[in-house]
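Read through the structure below, which is laid out as structure tokens, and then see the notes.
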């Protein structure tokens, strides 16, 4: 393992988890929430329980005015203004505390989508990029829910390639207005929005600019509500602009800088999507285990059978892993923001820069969170059996509603490639030394494996396993970069395999660090269930990393080079055999006894 004697002297940078070891004391874990944060979380959970859950059918039926009124109620409780400074009618909490509201809303099905669009991509462009006059005019009303917001980026011909949008803005002769013409689609909250954040190109600019457009502007029209597979209660419409006059003071930030706004706001949206997915997972597990405890077959509750316990144990384990990694990223972002502010940077800019530093991790968590949610709702339906296929159960709604998350905020395929490209870009810019460690791994492949006696220090064996996972990523990524050079960016399958290796490494490390910190905090009182979570996660990560690594190597390596690296993959993902069935059953039993997700 690499020397980590001075790794805690400086904060970890984005992507650096691949080449540096993180100390458990440097991460945040949910077991550390303080009383104020727990009260905020409880307020959010109570709101979902009392205002959203009883009204899900009415929400999905698109009852006129209902979603807007629910957002207003959330605003009255301060739930919409978590990230907004107190002087602008918000609560001004840090990023990880704001994530508590996002997590709670994740159990709210279509409401979660409306909430996320309003508080995230609808509000944050003005909060972070607006001038003082714009912030003072719009943010207080957005924070309280008096005004609702939407974000207009996607067009019929531009989805993932957002900067290719055709919507145009032209300055009028008197120079006081822009005339906006174009079409946007898949616009969440469009049906009741008061504020539209619209992206368009001014004249023949290469890049987008952003505008604040108010409801009621002449020439702004909406198509009918879209009919969707899931999230049926969220307003999704096409928006048309026909010579819409926009005051020049409603240009957001600077001309030609709209694409920058879009990218940075999407970084925030990605990590928040992971948080929302987490909340949806926890609610689905709770509903599923309650059903499994009540449903009897062959004279016993089905929760007592091994096949069901395997499912419940794996559902809970994956959500525990998602939570561990998500709040690790969020704490990294909070730390980066604080460091930038301490260096004299303005708060809004510090927020954006701090999040941008960990854009790769945000993309990884968007992918992981949405795919864990898909797994959990699918298994939830399976455990419910025939009832899971009935629209009378919420798990059926959860199954349909979950599917959009692999498309939202950039498809998972796009995010997989982006995450790797962002890390490679940092390496090419000299911000991250990947090739040095990758070369060391290549040299190690030629040497005799290290069979030194194992250090019995707690968690040392697991950290050695993690170090080997990182070596496998560096080996494959380094060899691919060296062999394919500039062609690597075109090899999408290889990029996605490398991403999966990095993602499972990051998640596994997050679980190990969480378990270690729990045992440091609680000592002998610590429940061994966290060790079972850790060991099972490491096993699953090893399997996933090995598979992705092999497929990547098959795609570009040949002959002796391929054989050597395949041997390396086996070495770096080798695990001591343990009884993972027993571990999953133990995790499942903990959830079954609690009759809810309880970690």
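The values are calculated or read from the model by the stated rules, or taken from the named source; none is laboratory data. The model shown is predicted, which means the values in this text are computed figures rather than measured ones. Neighbour counts are summed over all protein chains in view; Cβ atoms, including those assigned to glycine, are modelled from backbone coordinates with ideal geometry.
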Task: Selection from segment 571-585 of residues that are farther than 18 Å from residue 443 by Cβ and in a helix (DSSP H, G or I) - done: 580, 581, 582, 583, 584, 585
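Go through the residues of segment 236-246 one by one and say whether even a single one is in contact with a helix residue (DSSP H, G or I) (Cβ under 7 Å, 6 or more places away or on another chain) and either part of a loop (DSSP other than H, G, I, E, B) or surrounded by 21 or more Cβ atoms within 10 Å (Cβ to Cβ) (or both). Talk me through it step by step, then tell me what you get.
To start, the set of residues in segment 236-246 that are in contact with a helix residue (DSSP H, G or I) (Cβ under 7 Å, 6 or more places away or on another chain) comprises none.
The answer is no, given that none of the residues of segment 236-246 is in contact with a helix residue (DSSP H, G or I) (Cβ under 7 Å, 6 or more places away or on another chain) and either part of a loop (DSSP other than H, G, I, E, B) or surrounded by 21 or more Cβ atoms within 10 Å (Cβ to Cβ) (or both).
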- [ ] List every residue pair whose Cβ atoms sit under 8 Å apart, with the two residues 6 or more apart in sequence or on different chains, where the first one lies in segment 375-397 and is in the same structural domain as residue 314 (by TED's automatic domain parsing) and the second, anywhere, is surrounded by 14 or more Cβ atoms within 10 Å (Cβ to Cβ) and modelled with pLDDT under 95.
- [x] 384/393; 387/393
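From the list 50, 43, 7, which residue is at pLDDT below 95 and surrounded by fewer than 21 Cβ atoms within 10 Å (Cβ to Cβ)?
On the way: 50 fails: at pLDDT below 95; 43 fails: at pLDDT below 95.
One residue alone meets the criteria, 7.
Matching residues to (1) out of contact with any helix residue (DSSP H, G or I) (no Cβ under 6 Å at 6 or more places or on another chain); (2) in a helix (DSSP H, G or I):
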{"residue": "92", "(1), (2)": "no, no"}
{"residue": "97", "(1), (2)": "no, yes"}
{"residue": "106", "(1), (2)": "no, yes"}
{"residue": "119", "(1), (2)": "no, yes"}
{"residue": "126", "(1), (2)": "no, yes"}
{"residue": "133", "(1), (2)": "yes, yes"}
Open item on the list: Can you say whether residue 214 is exposed (fewer than 15 other Cβ atoms within 10 Å of the Cβ), under 16 Å from residue 179 (Cβ atoms) and out of contact with any strand residue (DSSP E or B) (no Cβ under 6 Å at 6 or more places or on another chain), as far as the supplied structure shows?
Closed with: no
Task: Residue among 336, 325, 307, 350 that alone is out of contact with any helix residue (DSSP H, G or I) (no Cβ under 9 Å at 6 or more places or on another chain) and in a helix (DSSP H, G or I) - done: 307
Task: Subset of segment 24-40 [loosely packed, with under 14 Cβ neighbours inside 10 Å and modelled with pLDDT under 95] - done: 25
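Pull up segment 439-463, narrow it to residues that are over 27 Å from the mean Cα position of the chain (by Cα) and closer than 23 Å to residue 520 by Cβ, then point me to the one that is modelled with the lowest pLDDT.
We begin by selecting, within segment 439-463, every residue over 27 Å from the mean Cα position of the chain (by Cα); these are 439-461.
Going one step further and asking which of them are closer than 23 Å to residue 520 by Cβ, we end up with 454-461.
Working: 454: 61, 455: 67, 456: 74, 457: 83, 458: 87, 459: 94, 460: 94, 461: 94.
Among those that are over 27 Å from the mean Cα position of the chain (by Cα) and closer than 23 Å to residue 520 by Cβ, it is 454.
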Open item on the list: Let me spell it out: the conditions are (1) under 18 Å from residue 323 (Cα atoms); (2) crowded, with 21+ Cβ neighbours inside 10 Å, and residue 519 meets all of them except one. Which number is the exception?
Closed with: (2)
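Check 262, 193 and return the single one that is at pLDDT below 95 and under 25 Å from residue 102 (Cβ atoms). Can you show your working first?
On the way: 193 fails: at pLDDT below 95.
Criteria check complete, one pass: 262.
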